[in-house]
1. Among the numbered criteria (1) within 17 Å of residue 15 (Cβ to Cβ); (2) assigned to a strand (DSSP E or B); (3) near ligand 1 (Cβ under 10 Å from one of its atoms), which single criterion is violated by residue 275?
2. Mind checking which residues of segment 1-16 are more than 8 Å from ligand 1 (Cβ to nearest atom) and either under 28 Å from the mean Cα position of the chain (by Cα) or in a loop (DSSP other than H, G, I, E, B) (or both)?
3. Which count do you get for residues in segment 309-340 that are over 26 Å from residue 411 (Cβ atoms), surrounded by fewer than 21 Cβ atoms within 10 Å (Cβ to Cβ) and free of Cβ contacts under 8 Å to residues at least 60 places away in the same chain?
4. Let me spell it out: the conditions are (1) within 12 Å of ligand 2 (Cβ to nearest atom); (2) part of a strand (DSSP E or B); (3) within 22 Å of residue 115 (Cα to Cα), and residue 263 meets all of them except one. Which number is the exception?
5. Mind checking whether some residue in segment 224-244 is in contact with a strand residue (DSSP E or B) (Cβ under 9 Å, 6 or more places away or on another chain), within 16 Å of ligand 1 (Cβ to nearest atom) and hydrophobic (A, V, I, L, M, F, W, C)?
6. Test residue 147 against the criterion of being touching a strand residue (DSSP E or B) at 6+ places or on another chain (Cβ under 9 Å) and under 21 Å from residue 312 (Cβ atoms), and give yes or no.
7. On the basis of being more than 16 Å from ligand 1 (Cβ to nearest atom), within 23 Å of residue 313 (Cα to Cα) and among the hydrophobic types (A, V, I, L, M, F, W, C), does residue 207 make the cut?
8. In contact with a strand residue (DSSP E or B) (Cβ under 8 Å, 6 or more places away or on another chain), buried (at least 16 other Cβ atoms within 10 Å of the Cβ) and within 18 Å of residue 243 (Cα to Cα): is that true of residue 176 in this structure?
Amino acid sequence: MPDFDMLVIGSGPGGQKAAIAAAKLGRRVAVIDRPDMVGGVSIHTGTVPSKTLREAVLYLTGLAQRDLYGQSYRLKEEITVADLTARTRHVVGLEVDVVRSQLARNQITLLAGTGRFMDDHTVAVRDASGQDRLLTADHIVIATGTRPARPASVEFDDRTVMDSDSVLSMEKVPRSMVIVGAGVIGMEYASMFAALGSKITVVEQRAGMLDFCDVEVVEALKYRLRDLAVTFRFGETVAAVERHEQGTLTVLESGKKIAADAVMYSAGRQGLTDELDLGKAGLSADGRGRITVDEHYRTEVPHIYAVGDVIGFPALAATSMEQGRAAAYHACDEPVNPMHHLQPIGIYTIPEISFIGRTEDQLTKDRVPFEVGVSRYRELARGQIVGDAHGVLKLLVSPEDRRLLGVHCFGSGATELIHIGQAVMGCGGTVDYLVDAVFNYPTLAESYKVAALDVTNKIREIDRMKR
Ligand SMILES: Cc1cc2nc3c(=O)[nH]c(=O)nc-3n(C[C@H](O)[C@H](O)[C@H](O)COP(=O)(O)OP(=O)(O)OC[C@H]3O[C@@H](n4cnc5c(N)ncnc54)[C@H](O)[C@@H]3O)c2cc1C
Ligand SMILES: NC(=O)c1ccc[n+]([C@@H]2O[C@H](COP(=O)([O-])OP(=O)(O)OC[C@H]3O[C@@H](n4cnc5c(N)ncnc54)[C@H](O)[C@@H]3O)[C@@H](O)[C@H]2O)c1
């Protein structure tokens, strides 16, 4: 008899939910992780600390209140790293406790150490003293996540040349900073440091950024960030980063040089598979350390599953959790629906971005006709009350069957508001539901009704022409 029915390697969102799902079905489950990493990248260096830092930045800088109290409004004049990290440490500590307690009350064994395969049913767990313990299981779930990719040519000192892990333990808020890579991580940190008053330069090798988002929303974000003294260098690649006594010098392939107190790399991530001895289980990873799976999250070895960032796109805490649950149900022969095709995207820039469904560009490319309805926060009572004059909600609606094709939101509460659109779309509702519904007043949610009226007015005008 094997030691466990299921062994999970990695305690991030994917691993946690796989373990709990299997335990709820009465299976004997163990989760392996390093003692200082319980909760995964998500809790220690990714989602949770970065979103907590964002809240601390917004609160202490008073940025979100400046439309109401004036452009010089600040809660605290000199914001130190200690001010910022106090809140992060507090929240991370609480979240680790929640994970530990959830695992314990579901009778899941938490094993401290690093796991690696000995064969396709056996994992060796090496503890801090270097001792190995061999464990066997019917099913194994790999949920080992990723680490920041570090180009070999760049010397990281984690003080002036950092990645998104080491930026969390920086000694002081830099006066100036170069951010390499305008992906989601890069733009979230660019927003936070710009809000703190750092002079930011973003270097991105592609011609633009966040190209999966609505074009108008990305334009609006760029405008807002430029207003906070962010410089964008698109179509530029970093050739070298030099460390000097006075700071850093980033040299671009075009020959430009950028002097700054610090540099942060956010140029992609690498799957954490190199320590797993995958070959011993009959598995392999690609050049970026990712493992290939089928629609049930099964690897090439059918009783070994892989979930979360280690399988690549979309690499979100939100999707990783769902993949973990689905993998465990499949392994335990429990019926499970395939993941819903509608998945929200939330980007915690300042202001935040969120969307569901398709963009205008995608619909145009797919030759799907659509009409647009817009609501601006400055015309909502709640928008005025919270001091957000720039927020906007946009509905993309089919003039043929009046169903929602996409919802795009930019501004306060966007990542929460989007779920109203998700529910309507997921349940196959039409824009008429939003026209007829009564919303609490004054709320930002009312923007759905305003945008729905706007789009139906436009559709009516077109229909009238046809008569
Ligand atoms: C800065 C940043 C911000 C982010 N913000 C968001 C956000 O706002 N929203 C969102 O949805 N997603 C966000 N993400 C992505 C999110 O954090 C990841 O998608 C999520 O953490 C992936 O979960 P996972 O289950 O793959 O495991 P991870 O959270 O990556 O954790 C993997 C765990 O496996 C452990 N492990 C690795 N190898 C071994 C081994 N050999 N033995 C034992 N244990 C091992 C590691 O120690 C780690 O604890 C962000 C990521 C970053 C970096
Ligand atoms: N809110 C969220 O949901 C959230 C937040 C943060 C991170 N994440 C996830 O974390 C993952 C990693 O994010 P990321 O931003 O690090 O990676 P990414 O791959 O999305 O972006 C990296 C960017 O860096 C650019 N780049 C790479 N090398 C460069 C160079 N030498 N010079 C200039 N530009 C260069 C790339 O062109 C790319 O645009 C993503 O999957 C993301 O979805 C999600």
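The values are calculated or read from the model by the stated rules, or taken from the named source; none is laboratory data. On a predicted model such as this, the values are computed, not experimentally measured, just so you know. Glycine also receives a Cβ, built like all others from the backbone with ideal geometry; neighbour counts cover every protein chain displayed.
1. (2)
2. Answer for segment 1-16, where residues must be more than 8 Å from ligand 1 (Cβ to nearest atom) and either under 28 Å from the mean Cα position of the chain (by Cα) or in a loop (DSSP other than H, G, I, E, B) (or both): 1, 2, 3, 6, 7, 8.
3. 9
4. Failed condition: (3).
5. Scanning segment 224-244 turns up no residue that is in contact with a strand residue (DSSP E or B) (Cβ under 9 Å, 6 or more places away or on another chain), within 16 Å of ligand 1 (Cβ to nearest atom) and hydrophobic (A, V, I, L, M, F, W, C).
6. On the way: touching a strand residue (DSSP E or B) at 6+ places or on another chain (Cβ under 9 Å): yes; under 21 Å from residue 312 (Cβ atoms): yes.
Taking the combined requirement at face value, the residue satisfies it.
7. Yes; evaluated as a whole, the condition is true for this residue.
8. Considered against the rule, which asks whether it is in contact with a strand residue (DSSP E or B) (Cβ under 8 Å, 6 or more places away or on another chain), buried (at least 16 other Cβ atoms within 10 Å of the Cβ) and within 18 Å of residue 243 (Cα to Cα), residue 176 comes out as yes.
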